[in-house]
Amino acid sequence: MAQPRELLGWVRVRLSAARATAVALALIVAVTSFCAVLVPRVVEDQRDRALRHAVSGTTVLERSVSGEAVPEQYRSVDGDFLAPRALDEAEAAFVRRIRPPLRFDPERVAYGARNHAPADVVSEGLPRPTPYLDPELTLFAQQGEITDFADVVSGRPPGGRVAGGREDRRVEAALTEATARRMKVSVGDVLTLGGAQGEARVTVTGLLRPKDRSHPYWTNNRLLTKPRLKVLTEPGSDPAYLWEFGALLDRRAAPVLRDIRDGAVLYWHHPIDARALTADQVPTAQRMLTSLTSGADATGLSEESPVGDILVSSGLGPVLTAFERERDAVAPLVATALLGVGTAALIVLLMTAALGVERRRDELSLLRARGCSLPGLFGRLSAENAAVTVPAAALGSTLALLVAPGGGSVGGAVRGALLALVVVLVATFAGPLRAVAAHRTHQGTDRRDVVRARPSRRRTVIELTLLVLVGVAVAAVRGQGVEAGPLLAAAPVLLSLAAAVVLLRGYPLPLRLLGRAAARRRGPVLFLGLARAGRAPAGAGLPLLALLVTLTVAAFGGSVLTGVADARDRAALAAVGADARVADALGLPEEIKERVDVLPGVRSSLLVHADTRGRYAGRGSGASLFVVIADPEEYAELARRTGLGAFPADALRDDGGTTLPAVVSPGVAQQLGERGGITASGVPLDLRPVHTIDITPAVTSGEFAIVSADAVSRLRAKPHERHLQEPTMLLVTARDAAGGGLDAGALRAAAREVDEDSAVTVRAEERERLTDSPLQAGAGDVYLAALAAALGYSVLALLLSLVQTAPERGRLLARLRSMGLSRRQARGLLLVESLPQYALAVGGGVLVSAATVVLLRPGVDLGALAGTTTTGLRAELPLNATALALPALGVLALGGLTLLIQAWLMAGRRRPTEPRTVD
């Protein structure tokens, strides 16, 4: 074993003698380490930002940990539970139970008490949209002083004194400006509340203006800031309306709430700070929420609370669950890309090591001949590499830490450090290990021939084992889908590895056949080129594997992105039924069609009657269906054009009978059988199902039946039945096939000019609503960046392969040029020599990519990634020809250009007048 001083001298001499090689190795290691450290931090940062976006996009109440208590329903208590001291103690117990990673701002909480049910205000002079319905009032007594959260515009804050007996309570309250203006209340007015316990009189002492309307003090119930119009609907009668509003009590007056309708309710709201939550903390946060709502913390809170049992709830749990579901859907896509680029980078590092050992084969053989031991050889080469790779990796990692977004989580930093360590270990020790393996014994000068080589039994066993494992992994992915987890992410790379094994096994056969055919032809170029192609150097399969991995990952990712876009397009179309829809359940004027047809971008429109009140005859009110009454020809054409349940128009042709032919959904077909009766808005119809479809343009969800408008008008022409002939929906088709040429603003304006109550839905707007969330957009960006890096590494692998064979190729051309080979023939020889490998890589890459998509399609549902899981439409993995062809053609063009440049440089050298003896 060499001494440290001797090793240092060796390293200094070697680095001085091979500066270009050292610089190239340093660049590769630095770039790879940079990517290895940066990517995990970028992924973690994108997940954190997506989580904060998801949490921040909810209302304050939805992201709050809230508690509610109705003490009088749980146990017999006195009025002390409404005292400020009791509420403050309960709040302190609540705060002790909310621990990191759940964090909240103590200045942004809201807690207090209100009456359990709104009380009727029987005072005169208040607005009553429906004359016999009194407004309803909710009284709130919240933490702190009212003046801490609101400015008094007029009057004064309410006092905390409660006067009168149990049946005639008198208390003071304050209203906001907006509430007083809408309810026509002024300072000094008295609001009389009716109830079973007796009357209560509330004197308005002041009008308030909130200092911060976004504070939970006001947002925990919107009734505090402005009134709300409540709609009461009864079957068979017109809707009724009444006003609901809120008023603020002094917190010391909270005991009066026990004597108002249904007693008091205590509440606490703690909005969670989204900025303090990271994606890695989601499982812990979920466990804490579970403990607070139904676990040990819930039990402990109720035991410590001075107001009895507190029922804890939070809308944050479903938000975190939805985020986890989306993250799990995105994870395989990101992992596939990262695994692909990692494989390509590993191949480049191995090829760099192989190239270094191959170019120094004579030098290393001489060292061994002069007595250098294998450990000594390993130590010398390792020290030489470490002097380059360790500083390069440190530089790349430092740059990644400087440019990484945010601070990154601990998990991302640890993963990045481990990946950088792997890069250093591979770059440092792969070459020495290969050199030790190659120089254990004397290296002969026998040529390496791919065509004539016979693989060993050990290699055959390893390859068969690998193929079996890949088959098992693909079967697991097809059976389990997303639940397969890491297998789904690794499947494209594993299939590429298996394909490389098969292609390398089959590669000699076409070369052998082509070589035999070329031997019968005149001219040396074709024969010599194919003969050279069969003499591949060690590690010739690594560039092929790099290309296969990159092309497969590119095709898989392109198919995923295409499938997501197609799923969103279909979901938007299914949600609208056409490029746009104008609907009014009470009926649309027929002139609306004329107004819409002349709008720019509109191709045609179709009026239909879509009745949501269909019932099966004799089935009661439980089972319902949509009844679509439309022109058979035009509606069938719309269904065919949109692809939403195409059916032949003849299926709805009126045969003149009393039973209407109908196109129905499977559920309706099962209910009706060969024929059956339904009612549409109370009008009976006898139907005969003749065709079954799963979806139709006029119905976004649910069971349906489609009948001919002509047949209905013939059979149901009585005055009380003519409403079935009135259109309720206008389905608009745009000139642009994608529906993007419609002017949504002009369409809404035209519709409201004719019918103010009409609702307009536009397909393009629905499609925009399904655009990428921050998590999905970030995953797409990471995938594209990783794919670009993988393509770069694959091209670098090809270049390294060319560099590895360049010296031998140059010597061969020198010999042949001295024997009369022309420049044109020399260039042709280089192209023919390399074309088989390129053809194998590109052709095999396209086939493997297509096979990967076809094999993995049954186990991949892109619904969660596309955001269309609620639509019921399955988002499948399509076979995208563009994603298959573009990367392959790009690699082929780049490789061909590189070959032409190398051929031009080598073949253009001056021909030697006489070869050297060594040649």
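The values are calculated or read from the model by the stated rules, or taken from the named source; none is laboratory data. Predicted model, so just to flag it, every value in this text is computed and none were measured. Positions of Cβ are backbone-derived with ideal geometry, glycine not excepted, and every protein chain shown enters the neighbour counts.
For this structure, a couple of remarks:
- Residue 185 satisfies every condition listed in (1) of a type outside the set (Phe, Trp, Tyr); (2) within 22 Å of residue 64 (Cα to Cα); (3) part of a loop (DSSP other than H, G, I, E, B) except (2).
- Top-ranked residue in segment 290-313 [being in contact (Cβ under 8 Å) with a residue 40 or more places away in the chain and among the β-branched types (Val, Ile, Thr); ranked as farthest from residue 80 (Cα to Cα)]: 312
- Screening residue 564 on (1) more than 35 Å from the chain's Cα centre (by Cα); (2) of a type in the set (A, V, I, L, M, F, W, C); (3) crowded, with 18+ Cβ neighbours inside 10 Å shows it passes everything except condition (1).
- Subset tally (residues that are in a loop (DSSP other than H, G, I, E, B), surrounded by 13 or more Cβ atoms within 10 Å (Cβ to Cβ) and either without any contact (Cβ under 8 Å) to a residue 24 or more places away in the chain or of a type in the set (Asp, Glu) (or both)) for segment 106-135: 1
- Some residue of segment 875-891 being assigned to a helix (DSSP H, G or I) and at pLDDT below 70: no
- If you go through segment 629-638 and pick out every residue that is surrounded by fewer than 23 Cβ atoms within 10 Å (Cβ to Cβ) and not in a loop (DSSP other than H, G, I, E, B), you end up with 4.
- When 570, 521 are checked against the criterion of being modelled with pLDDT under 75 and over 30 Å from residue 361 (Cβ atoms), a single residue qualifies: 521.
- Members of segment 149-168 found to be out of contact with any strand residue (DSSP E or B) (no Cβ under 9 Å at 6 or more places or on another chain) and either surrounded by 15 or more Cβ atoms within 10 Å (Cβ to Cβ) or without any contact (Cβ under 8 Å) to a residue 40 or more places away in the chain (or both), listed by number: 165
- Residue within segment 805-823 that is within 30 Å of residue 884 (Cα to Cα) and at pLDDT 70 or above present: no
Yes/no per residue for (1) among the hydrophobic types (A, V, I, L, M, F, W, C); (2) touching a strand residue (DSSP E or B) at 6+ places or on another chain (Cβ under 8 Å):
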{"site": "81", "(1), (2)": "yes, yes"}
{"site": "101", "(1), (2)": "no, no"}
{"site": "104", "(1), (2)": "yes, yes"}
{"site": "114", "(1), (2)": "no, yes"}
{"site": "117", "(1), (2)": "yes, no"}
{"site": "128", "(1), (2)": "no, yes"}
{"site": "136", "(1), (2)": "no, yes"}
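- In segment 625-644, the residue that is nearest to residue 731 (Cα to Cα) out of those that are in contact with a helix residue (DSSP H, G or I) (Cβ under 7 Å, 6 or more places away or on another chain) and small (Gly, Ala, Ser) is 630.
- Residue 298 falls short of the stated requirement of being within 20 Å of residue 546 (Cβ to Cβ) and in a helix (DSSP H, G or I).
- Selection count, segment 266-295, where residues are among the β-branched types (Val, Ile, Thr) and not in a helix (DSSP H, G or I): 2
- Among the residues listed as 427, 386, 400, 393, the single one being touching a residue at least 24 places away in the same chain (Cβ under 8 Å), assigned to a helix (DSSP H, G or I) and more than 13 Å from residue 33 (Cα to Cα): 386
- Pairs are defined by a Cβ separation below 8 Å, a sequence spacing of at least 6 or placement on different chains, a first member in segment 653-671 that is assigned by TED's automatic domain parsing to the domain that holds residue 714 and over 9 Å from residue 688 (Cα atoms), and a second member that is in a loop (DSSP other than H, G, I, E, B) and among the polar types (S, T, N, Q); no pair meets this definition.
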